[in-house]
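Since every read-out is calculated from the coordinates, none of them should be taken as a lab result. Because the structure is predicted, anything quoted here is derived from the model rather than measured. Neighbour counts are summed over all protein chains in view; Cβ atoms, including those assigned to glycine, are modelled from backbone coordinates with ideal geometry.
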Amino acid sequence: MLAILHLLGTFVANLFKSRRRLEVENLFLRHQLNIALRGAPHRLRLRRSDRALLVWMTWIWPSLLGLSRVVQPDTILRWHRAGFRAYWRWKSRGRPGRPRVSRELRELIQRMSKENPLWGAPRIHGELLKLGFEIAESTVSKYMIRRRGPPSQTWRTFLRNHAHAIAAIDLCAVPTLTFECLFAFLVLGHGRRQLLGFAVTRHPTAEWLAQQIVEAFPWGTAPIYLVRDNDRAYGQAFTNRVRAMGIRDRPISPRSPWQNPYAERLIGTLRRDCLDHVLIFGERHLRGVLTLYSLYYNETRTHLGLGKDAPLGRAVQRSGAIVTEPILSGLHHRYARI
């Protein structure tokens, strides 16, 4: 930078000199330059300021290219072209031809494509427009997940679409304080894992079970399929009543409790959460305990299979003071905001 300032100062001073004196000085400086170049290395190291000054002077006075001794004229022209490219690269920075697609939007497109195998690019593009994303349909097609075969729903989706038409029943043996055995009849809906009904008896018969099915499913609410085990208590009277209600009876294979998983899981949860911690005095006591637990199970208790929601749905509360309500005398608690 100092060399450029010194050169500019010299240029201003030369404006006040006579033409004859300038020609003599020019000849004398050329002779000194020739002497210096004789002993100089084959390739000189020039600073960036030196290159910029040479390019600037030859741009103003192109005739000076023939007087260059330190570098070749082609070198100066190459520097000029490199500076031209660098200038326009700097001037057009941050303004690409197409806007960049954020990582969040790319992941959202892939997520929509994965979760909705029947959707194409126009359908996903429409959803993105409704979400406030300004993006081209061709870009959506670019970031969609590619599938080898035709689009197909997952088994999880297929089973969930049919879960609301399926119900399961089972009997749970409950010992009492006096070493008797009571039976709790449980009815579970597959759709939302809801405990639809229960009943308590000492001796489950086919007639009694048939009556419980009628009470569990009033007019117009009966499921299409009923999953149960092969207990002898489900006699002919039970099967006739189920068929009369338009329900397709589907007993599981012998010694295959895994074929009725939701009902078995409900019984295990009932024992772990409640019955293993309570001494049952009799039928009346067991009905009261099951009544309280069924309310807690359907309205409060969160389920992993429901996205940590309750079977009957539980609203999210974000404001207010947190209060605690004991359930089953403090065995469980319900937390809510008021």
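Just a few scattered comments:
- Among the trypsin sites (Lys or Arg not before Pro) in the range 218-297, those located in a DSSP loop and surrounded by at most 12 other Cβ atoms within 10 Å of their own Cβ are 232, 255.
- For the range 171-215, the relative contact order comes to 27 percent (Cα pairs under 8 Å, sequence separation of at least 6).
- FRET E, pair residue 103, residue 157, Förster distance 30 Å, beta-carbon r, rounded to 0.05: 0.65
- Principal semi-axes in Å for the range 297-338 [√(5λ), Cα gyration tensor, largest first]: 18, 16, 7
- Cα-based radius of gyration for the range 246-301, normalised by 2.2 N^0.38 Å, reads 1.40.
- As a ratio to 2.2 N^0.38 Å, the alpha-carbon radius of gyration computed for the range 74-191 takes the value 2.25.
- Label-point separation, residue 240 to residue 253 (7 Å along Cα→Cβ), nm: 3.2 nm
- Among the chymotrypsin sites (Phe, Trp or Tyr not before Pro) in the range 141-177, none is located in a DSSP loop while being surrounded by at most 10 other Cβ atoms within 10 Å of its own Cβ.
- Per-residue ³J(HN,Hα) for the range 177-183, Karplus 6.51 cos²θ - 1.76 cosθ + 1.60, θ = phi - 60°, Hz, x for Gly and Pro: 5, 8, 6, 8, 10, 9, 10
- Volume per residue that the Cα convex hull of the range 164-337 spans, once the total is divided by residue count, Å³: 124 Å³
- Note on residue 265 and residue 164: the model spin-label points, each 7 Å out from Cα along the C-beta direction, lie 1.9 nm apart.
- Amide H contacts of residue 197 (H built 1.01 Å from N, in plane; Pro and chain starts excluded): 187 sit under 5 Å, all sequence-distant by 5 or more or on other chains.
- D (Stokes-Einstein, µm²/s), Kirkwood Cα radius, the range 103-152, 0.890 mPa s at 25 °C: 226 µm²/s
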